[in-house]
Each structure stands twice: as structure tokens, then as C-alpha cells.
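S.K.: Take this structure, written in C-alpha cells, and hold onto it; I'll ask about it next.
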Amino acid sequence: MSSAIPIKLIITSINWKNNVQPDINHLKPIVLTFNFKYSILDKMRRIILFIVVILNVFIYTNQSSQEDYLKIVTNVTPERVQQGEEGILKIKITPKDNIRISSHPEFIIKLDQTNSLTFPKIFFTSSELDFQISQEQENVYLELNKEVEIPFKLNETSLTGKHTINGEIIFTAVFKDNWSLKTYQKFSAGFRASRNTKTKKK
């Protein structure tokens with residue numbers, strides 16, 4: 001399906017040689033009409049194709065980065081940490097039903113860096129965390145049945161009040177029909193920081 005757009009060009013003034021211009025009041029305007037054809041159907045197809053591509057990108061991004069394949073329970077002990085003292089971040093990881101966690105590519109726990117806290121390191125692999133493994137035919141899976149404990153120190157100059165430890169788990173989920181997906185899932189844990197009066201006296 002096509003359509004034509006009429007465009008009219010009305011000429012009411014003409015520049016003559018030697019800058020001599022006749023009186024336009026006695027001249028009839030010159031009207032030129034041009035018809036530009038375009039396909040409405042082609043234009044609609046392009047718009048629909050563009051929308052479909054954008055929706056596919058949006059859906060893929062959300063599925064790969066926001067889908068929760070793990071149940072992650074976190075807490076910090078003690079719940080109140082004094083400036084200059086140590087605490088422990090505890091992470092319990094449980095895969096959702098009909099999902100196994102592959103040992104390869106490497107399972108990683110990554111912590112966000114912060115000026116208030118000091119960690120021994122910010123990357124922890126499955127081999128470092130000493131997870132047990134199980135093998136089914138050629139596939140090797142992690143048994144995430146232990147609670148992970150990561151020590152940290154609250155810096156002496158840290159502000160008092162509520163603090164949050166943020167991080168993410170990078171893993172490969174294997175589904176019931178044996179297809180797999182490498183993805184990540186974020187987590188956080190909160191605690192309160194209090195003033196250390198002993199440190200201040202020193």
C-alpha cells in the first residue's frame with residue numbers, strides 16, 4: 001500500500017537579470033505541485049521490527065541478570081560491630097528446585113569494595129570455599145550445603161550507624177533438561193557500627 005503527499009511550491013517573486021523585477025501584483029502566482037510516494041506498509045514493518053528487537057534485548061537482559069536461581073540467606077555476626085573490630089559475613093546458598101550448580105565455569109563469590117570495611121580478599125572461588133562435589137556421568141556439580149563465612153574488619157574511621165555489605169555470586173545453573181546458563185545473582189547483608197570508646201581513649 002502506498003500513498004502520495006502533494007507538496008505545493010508557490011512562486012510570488014522572481015529575480016530578473018540586472019535586478020529588474022516586475023510588479024508581482026499584476027502577475028499570477030506560479031504553482032508547482034510535486035507528489036512524493038512512500039510505502040506506509042514498509043514503514044510500519046520497520047517500526048514493528050525495531051520494537052521486536054528492543055523487546056527481545058530487554059527480555060534477555062532481565063532473564064539473564066535478574067532471575068533468581070538461588071535462594072541466598074545472609075547475616076552478619078555480631079549484629080553490632082565496633083570501630084576497629086572484626087565481624088563475620090555468613091552466606092547460605094540453596095539452588096531452586098530442579099537446578100544444579102556446575103563446578104565449571106568457576107563458581108565465584110565477589111564482594112563490593114568499600115572504604116569502611118577491610119576483607120582478606122574480594123573474590124572467593126568454589127575450590128577456596130571447599131564445597132563438596134558430586135558427579136553424574138560427565139557433569140560435575142557443587143554441593144552448596146555449607147554456610148560460607150567471610151571475616152571482615154570495620155575500619156576505625158568508619159561512620160557509626162547502619163552499614164551494608166553488597167556482593168554477587170557468579171555461577172552456572174544447570175536445568176532439568178541439561179541446558180545451562182552462566183549468570184549472577186546479587187546479595188546484601190546489613191549490620192550496625194558503633195563507636196569504640198577504647199580506641200578513642202588511645
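S.K.: Keeping to the stretch 122-165, report how many residues are within 30 Å of N178 (Cα to Cα) and of a type in the set (S, T, Y). Explain how you work it out, then say what you get.
M.R.: Step one: list which residues in the stretch 122-165 are within 30 Å of N178 (Cα to Cα), which gives 123-148.
Still in the list and also of a type in the set (S, T, Y): 125-127, 134, 141.
Residues meeting the conditions: 5.
S.K.: Further question: Return a yes/no flag: does the stretch 124-146 have any residue that is closer than 25 Å to G84 by Cβ and within 25 Å of the chain's Cα centre (by Cα). Full working, then the answer.
M.R.: Quick first cut of the stretch 124-146, residues closer than 25 Å to G84 by Cβ only: 124.
Then drop every residue that is not within 25 Å of the chain's Cα centre (by Cα), which leaves 124.
Checking the stretch 124-146: at least one residue is closer than 25 Å to G84 by Cβ and within 25 Å of the chain's Cα centre (by Cα).
S.K.: Right, something else. On the given criteria, is K92 at pLDDT 95 or above, surrounded by fewer than 10 Cβ atoms within 10 Å (Cβ to Cβ) and in the same structural domain as I170 (by TED's automatic domain parsing)? Let's see the steps before the verdict.
M.R.: Numbers: at pLDDT 95 or above: yes; surrounded by fewer than 10 Cβ atoms within 10 Å (Cβ to Cβ): no; in the same structural domain as I170 (by TED's automatic domain parsing): yes.
So K92 fails the test.
S.K.: So, in the stretch 146-202, exactly how many residues are under 21 Å from V73 (Cα atoms), surrounded by fewer than 17 Cβ atoms within 10 Å (Cβ to Cβ) and β-branched (V, I, T)?
M.R.: 2
S.K.: Something else now. Go through (1) hydroxyl-bearing (S, T, Y); (2) modelled with pLDDT of 95 or more; (3) closer than 21 Å to E86 by Cα for T199 and report which single condition fails.
M.R.: So the condition that T199 fails would be (2).
S.K.: Is the stretch 32-45 home to any residue that is within 23 Å of the chain's Cα centre (by Cα) and modelled with pLDDT under 95? Step through it out loud before you land on a result.
M.R.: We begin by selecting, within the stretch 32-45, every residue within 23 Å of the chain's Cα centre (by Cα); these are none.
No, the stretch 32-45 contains no residue that is within 23 Å of the chain's Cα centre (by Cα) and modelled with pLDDT under 95.
S.K.: What single numbered condition from (1) over 20 Å from E67 (Cα atoms); (2) part of a loop (DSSP other than H, G, I, E, B) fails to hold for I133?
M.R.: (2)
S.K.: Any residue at all in the stretch 113-136 that is within 17 Å of R195 (Cα to Cα), of a type in the set (A, V, I, L, M) and either at pLDDT 95 or above or surrounded by 14 or more Cβ atoms within 10 Å (Cβ to Cβ) (or both)?
M.R.: yes
S.K.: For the stretch 98-114, indicate whether the set of residues that are over 19 Å from G84 (Cβ atoms), under 22 Å from the mean Cα position of the chain (by Cα), aliphatic (A, V, I, L, M) and in a loop (DSSP other than H, G, I, E, B) is non-empty.
M.R.: no
The values are calculated or read from the model by the stated rules, or taken from the named source; none is laboratory data. It should be emphasised that the depicted structure is a prediction, and the values quoted were computed from it without experimental measurement. Cβ: placed from backbone, ideal geometry, glycine included. Neighbour counts: every protein chain shown.
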